[in-house]
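Below is one structure, written out as structure tokens; the observations come after it.
The values are calculated or read from the model by the stated rules, or taken from the named source; none is laboratory data. On a predicted model such as this, the values are computed, not experimentally measured, just so you know. Here the Cβ positions follow ideal geometry from the backbone for every residue, glycine too, while neighbour counts run over all protein chains shown. Heads up: the accessible areas ignore ligands, DNA and RNA and are worked out on the full protein's heavy atoms, side chains in. Shrake-Rupley method; radii C 1.70, N 1.55, O 1.52, S 1.80 Å.
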Amino acid sequence: MSYTVFARKYRPQTFDDVVGQQHITQTLKNAILQNRLAHAYLFVGPRGTGKTSTARILAKALNCHTSAGPTLTPCGKCDSCVEVTAGNSMDVLEFDAASNTQVDKVRDIIIDNVKYLPARSRFKVYLVDEVHMLSTGSFNALLKTLEEPPAHVKFLFATTDVQKLPATILSRCQRFDLKRIGPPVIAGHLLHIAQQEGVALSQEAALAVAIGADGGMRDAESMLDQLVAFCGETIEEKDVLSVFGFTSRQKVSDLCEAVLAEDSSEALQLIHEQAEAGRDLTQLLGDLIGHLRNLLLAQADPGGLEDELGRPVVEALQAQCVGVARERLLDLIDLCAAGEQKMKWASNKRMYLEVTLLRAIQTVGQVTLGEVLEALNALREGGALPERAKAQRPQKVKLPASTHHAPPVVSPVRVAPKTSESPKEVLPLLDAHPQVVSAPAPVFQFESEQQRPKGEILPQSAPEKAPAEVPEGSHLPPTAAEPAFAFVAAPVQELVSLPVERADPTPVAIPEPSPAPEPVLPLKAPVKVLDVEALWPSLVERVRKERSFISMWVESGVLEEIRDGAAVFVFAEEQSLAADYISKDGHRDFLEGLLLDLTGTPLRVRTELRDSVQRRPVAQPPPPVKAVAKDPMEEFKNDPLIRKALEIFKARLEAVQ
């Protein structure tokens, strides 16, 4: 006896055997119980979800001979059920639309035969698989028959691409959408098959196969069939990963945790391990995107995710995404999805994966716009910064102890040598040539009043200064040059930099630093070239010569005045477009450069709109006078050599026609 694969051997034979489509089977059962059977059904869904199997079960339920009418539980033993299962029933005509797309085929199989009663059953059932492959002409020919078929005819359609079906067909059918089957449901069915076959299949291996099947039960059964041939009677998760090149869920979770923890070293090490093991890196990135999606749903809709993954997995996901903002997860998904698109066409997929994850790690450490707005609102209201607004990472960063706390940025300092008479003081360097001043209100706090510095001001303009006195016990060698750092003995004197114009023994108080005012470009002394009346024609001529395509916009206004370091161009209200045009960066920089050349003063260009503007048109230069072309014959006749030759030979020149 020939071997039967698992996908056919364990194909559902009753409504109760259909896995993961209870919303479909329950509706069909109720329709049979209430005798509300439609004449056309359309089963829509991804591959391997049970479309054709459900249609066959419905066909057997309609024609089972063991009951007086349609039944919920076809026996599977009568002639009708056996023939439908074997695919050779005379009253259940099953054909593939991909092989019978022409109108003639549809006419021969369906249209010309619907008028005949079934041979041995209650109904004549037409089961059309992949119905979207029919041609437009075939659909049009089928419309009338599909809308008003005989009472003994039922149509069962199955398709994976419902968008290709005309609306006229959809409106004549009852549509049932089959969903992808969840991994826990598929894993449970695989464990049932393994038990029936006497195969030891671990739960981890079953779940890995279920995840790889992507919601298709037939795919999962085919993969299990292949694993049994490879491993024999014992199948572990490592066998699944080795045969199909999958990455374990734990590895994907570890990779995601490394990204959220901003641990680039761990993330790159995981990529290296998977690459060396021969894993599909594009699939690895897709699995990471799926894991991030699960984290997002664990925050947004944990109840809905439990139906797909189970409560223990959802609880583990919730524990992993604690402290991770939803906005952060969305950014990571977008970034990884963009990297996945690039990897599909890249030859070096590992490089693109590494770059994508490094960018993702960098994104995790950035402050989001929501956190900035939240912090600004808190500061505006006078409250403390919210916890999420502070620069905290979802996971603790693994850094060396020496760099855990960044040192504060301070000015360079020198420490005076320790003596028995004065303690060590820290003196900041504020200038390359410091001045010693007395400070009645010292910046530094001293341990006693006797250590308060005293001294007189040394003028900055003094040509020579005595070197600072070196305390006893100092190991610094004396030098004749003026030191860049001053070391003083007790009494300690502060080193500050003050703009001193003259020597004054009066003590000077150190002023508080104030912010420097914004620099204003001063206008030079009035000169003739800054007269706007004389400057305007020169500016217009330069614009016409160097950038003629904006001369029309410039001349639609006028240079009104020069004030506050700016050349003010005024335009009428209806010339607002011209004002906007010359205010663009490129044109504004060009005009400011021309003004600098013409005036020798840096000026900013500023535009204003007014109700009325008195324009000062600049006359166009007169066109150059075109020289009258001379007759070449006349020039030839007047040539001295030619005239001399004519005199010698007593000849004349005549034009030849």
task = Could you grab me the full set of residues in the range 213-229 that are open to solvent by 30 Å² or more (accessible area, probe 1.4 Å) and either among the small types (Gly, Ala, Ser) or at pLDDT 90 or above (or both)?
result = 218, 219, 222, 226, 228, 229
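Looking at the range 317-334, which of its residues are among the small types (Gly, Ala, Ser) and either under 23 Å from the mean Cα position of the chain (by Cα) or surrounded by 14 or more Cβ atoms within 10 Å (Cβ to Cβ) (or both)? So that I can check it myself, show each step before the final result.
In the first step, residues of the range 317-334 are kept if they are among the small types (Gly, Ala, Ser); the result is 319, 323, 325.
323, 325, listed by residue number.
Yes or no: residue 108 surrounded by 17 or more Cβ atoms within 10 Å (Cβ to Cβ), of a type in the set (Asp, Glu) and at negative phi?
On the way: surrounded by 17 or more Cβ atoms within 10 Å (Cβ to Cβ): no; of a type in the set (Asp, Glu): yes; at negative phi: yes.
For residue 108, the condition - surrounded by 17 or more Cβ atoms within 10 Å (Cβ to Cβ), of a type in the set (Asp, Glu) and at negative phi - is not met.
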remark   = In the range 579-604, anything open to solvent by 70 Å² or more (accessible area, probe 1.4 Å) and under 34 Å from the mean Cα position of the chain (by Cα) is listed as 580, 584, 585
query = Being among the polar types (S, T, N, Q), out of contact with any Ser or Thr (no Cβ under 8 Å at 6 or more places or on another chain), open to solvent by less than 70 Å² (accessible area, probe 1.4 Å) and assigned to a loop (DSSP other than H, G, I, E, B), is that true of even one residue in the range 34-53?
reply = yes
query = Somewhere in the range 67-90, is a residue part of a helix (DSSP H, G or I) and under 49 Å from the mean Cα position of the chain (by Cα)?
reply = no
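When the range 103-130 is examined, which residues are found to be without any contact (Cβ under 8 Å) to a residue 24 or more places away in the chain and more than 18 Å from residue 40 (Cβ to Cβ)? Step through it out loud before you land on a result.
Going residue by residue through the range 103-130, those that are without any contact (Cβ under 8 Å) to a residue 24 or more places away in the chain are 104, 108-109, 112-113, 116.
Those that are without any contact (Cβ under 8 Å) to a residue 24 or more places away in the chain and more than 18 Å from residue 40 (Cβ to Cβ): 104, 108, 112, 116.
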message = Please count how many residues of the range 548-578 are under 39 Å from the mean Cα position of the chain (by Cα) and touching a residue at least 60 places away in the same chain (Cβ under 8 Å).
response = 0
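Inside the range 199-256, can you point out the residues that are of a type in the set (Val, Ile, Thr) and more than 17 Å from residue 290 (Cα to Cα)? Outline the logic, then answer.
Taking the range 199-256 first, the residues of a type in the set (Val, Ile, Thr) are 199, 209, 211, 228, 234-235, 240, 243, 247, 252.
Once the filter is applied, which keeps residues that are of a type in the set (Val, Ile, Thr) and more than 17 Å from residue 290 (Cα to Cα), the range 199-256 yields 199, 228, 234, 235, 240, 243.
Could you tell me how many of the residues in the range 274-314 are β-branched (Val, Ile, Thr) and more than 22 Å from the chain's Cα centre (by Cα)?
First, the residues of the range 274-314 that are β-branched (Val, Ile, Thr): 282, 289, 313-314.
Within this subset, residues satisfying the condition of being more than 22 Å from the chain's Cα centre (by Cα) are 313-314.
Number satisfying all stated conditions: 2.
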query = With 156, 178 as the choices, which residue is over 30 Å from residue 317 (Cα atoms) and open to solvent by less than 20 Å² (accessible area, probe 1.4 Å)?
reply = 156
remark   = Going through (1) part of a helix (DSSP H, G or I); (2) out of contact with any Pro (no Cβ under 7 Å at 6 or more places or on another chain); (3) farther than 24 Å from residue 6 by Cβ one by one, residue 243 fails only at (3)
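Is it fair to say residue 62 is in a strand (DSSP E or B) and either surrounded by fewer than 22 Cβ atoms within 10 Å (Cβ to Cβ) or not hydroxyl-bearing (Ser, Thr, Tyr) (or both)? Write out each step before concluding.
Details: in a strand (DSSP E or B): no; either surrounded by fewer than 22 Cβ atoms within 10 Å (Cβ to Cβ) or not hydroxyl-bearing (Ser, Thr, Tyr) (or both): yes.
No, not satisfied.
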